[in-house]
1. Give the residue that is most open to solvent (accessible area, probe 1.4 Å), with candidates limited to residues of region 154-185 that are assigned to a loop (DSSP other than H, G, I, E, B) and at pLDDT 85 or above.
2. Does region 373-394 hold any residues that are at pLDDT below 90 and open to solvent by 60 Å² or more (accessible area, probe 1.4 Å), and which are they?
3. Within region 105-120, how many residues turn out to be under 26 Å from the mean Cα position of the chain (by Cα), more than 16 Å from A326 (Cα to Cα) and hydrophobic (A, V, I, L, M, F, W, C)?
4. Does region 50-65 contain any residue that is free of Cβ contacts under 8 Å to residues at least 24 places away in the same chain and surrounded by fewer than 24 Cβ atoms within 10 Å (Cβ to Cβ)?
5. Which number in (1) within 22 Å of A158 (Cα to Cα); (2) in a helix (DSSP H, G or I); (3) touching a Leu at 6+ places or on another chain (Cβ under 6 Å) marks the one condition that G22 misses?
6. If you scan region 222-256, which residues turn out to be touching a helix residue (DSSP H, G or I) at 6+ places or on another chain (Cβ under 6 Å) and acidic (D, E)?
Amino acid sequence: MIKRLRNIGPGAMVTAAFIGPGTVTACTLAGANFGFALVWALVFATLATIILQEMSARLGVVTQKGLGETISGLLDQSVWKWPLIVLVGLALYLGNAAYEAGNLSGAALGIAAVAGEGSMVFSLSVLTISVLAAALLLSGSYRLVERVLLVLVAIMAAAFVATFAIVRPDLGSLFGGMVSPTIPDGAMLTVIALIGTTVVPYNLFLHSTAVRQKWSGPQDLGAVRADTVVAIGLGGLIAILILSTSAASLFAAGIEATNAADMATQFEPLFGAYSKYLLGIGLFAAGLTSAITAPLATGYAMTEILKLKGGQSSTAFRVITLSVIAIGALLSLTGTKPIEIIVLAQLANGLLLPIIAGFLLYVVNRRELLGEFANRWLANVLGAIVVMVATGLGIRLIVTALS
């Protein structure tokens, strides 16, 4: 197990991308507003992430092609090529722009937790973080920064583990929420947000591209799968601990989380008055890390789908990544409460998931691409369940909104 942890590769990048401010916020709100009732949604989301990311990683390591490049190649001779490319491209691009708004808002929320709440502090924080993320992407130095930020996020995760142990949530209620799927009144948006914050559609493109840089072929599938299961499993456990800690502290005390100070309350049993600083550092680190990976993945996906050459140094790649940051910043500055932006961003991802997952399922069933490593019946059944549940939640949300 220790050897596998040391060899964690692209799976850790996927985990770092979804353990962002959206995860902290969505899980905290779920626990604060509904107690342990929605733990099952995180269990489902973690298993769904492992299932889909394994398919994406398998595609990348066996074919040595990214998901975007593969989709584009398969549609070359189809009359539906451009309509489908436009559909996937717009869904991915706009979905990631919304996700980027959540990342920037989350990082700014972290600064606000330390510097104080206020529209001026928030706006300046969003602009500063946007410029920093853009500079890091253009310079290529984001790799070193991500390593530092991952350490900061790990500190916050360790704090949730310690606080979980001190708060001592009711394990019976925790287990009940894990195995008894229910959706309390008013919880539909939160359920989709929890799934959207964990099963991040752009990670399917990012993972298939990243595995090619570490592994060279089908002989590495065992290491790829171990990397995926261990890294994402640990990420899902962190998310469940965050929700449980919030349920045992905020929900039990009847505290409604509306800002960073309220969210920091769950740290007080361990860190007291210093809790807001810990949450602030963690949210800032998680937000900036995700603010880099979201436009990065969009750049990879869009240049692959459109068959634009040149990689990260190309003008097209830079225009795409910078535009995602710009749109995200504009959305963050609309005047909407930061927590609402983060939850809505996760909601957008939840609605985008069925589209991208459907394309992934189609691709990994092509035996001319994967040969003996194409999906078998069990993988297809599990993948279909994930897509159907995600689609059903999205349809229910739309019907509820219209009525």
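1. First, the residues of region 154-185 that are assigned to a loop (DSSP other than H, G, I, E, B): 168-170, 180-185.
Keeping just the survivors that are at pLDDT 85 or above gives 169-170, 180-185.
On the way: P169: 11, D170: 90, S180: 56, P181: 92, T182: 72, I183: 50, P184: 42, D185: 149 Å².
Taking the candidates together, the pick is D185.
2. M388 - this is the single residue of region 373-394 that is at pLDDT below 90 and open to solvent by 60 Å² or more (accessible area, probe 1.4 Å).
3. Result for region 105-120: 5.
4. The initial filter retains those residues of region 50-65 that are free of Cβ contacts under 8 Å to residues at least 24 places away in the same chain, namely none.
No.
5. (3)
6. Matches in region 222-256: D227 only.
The values are calculated or read from the model by the stated rules, or taken from the named source; none is laboratory data. Note that the structure is predicted; figures quoted are calculated from it, not measured. All Cβ positions, even for glycine, are placed from backbone atoms using ideal geometry, and neighbour counts span all protein chains on display. Note: accessible area is taken over every heavy atom of the protein model, side chains too, but ligands, DNA and RNA are not part of it. Shrake-Rupley method; radii C 1.70, N 1.55, O 1.52, S 1.80 Å.
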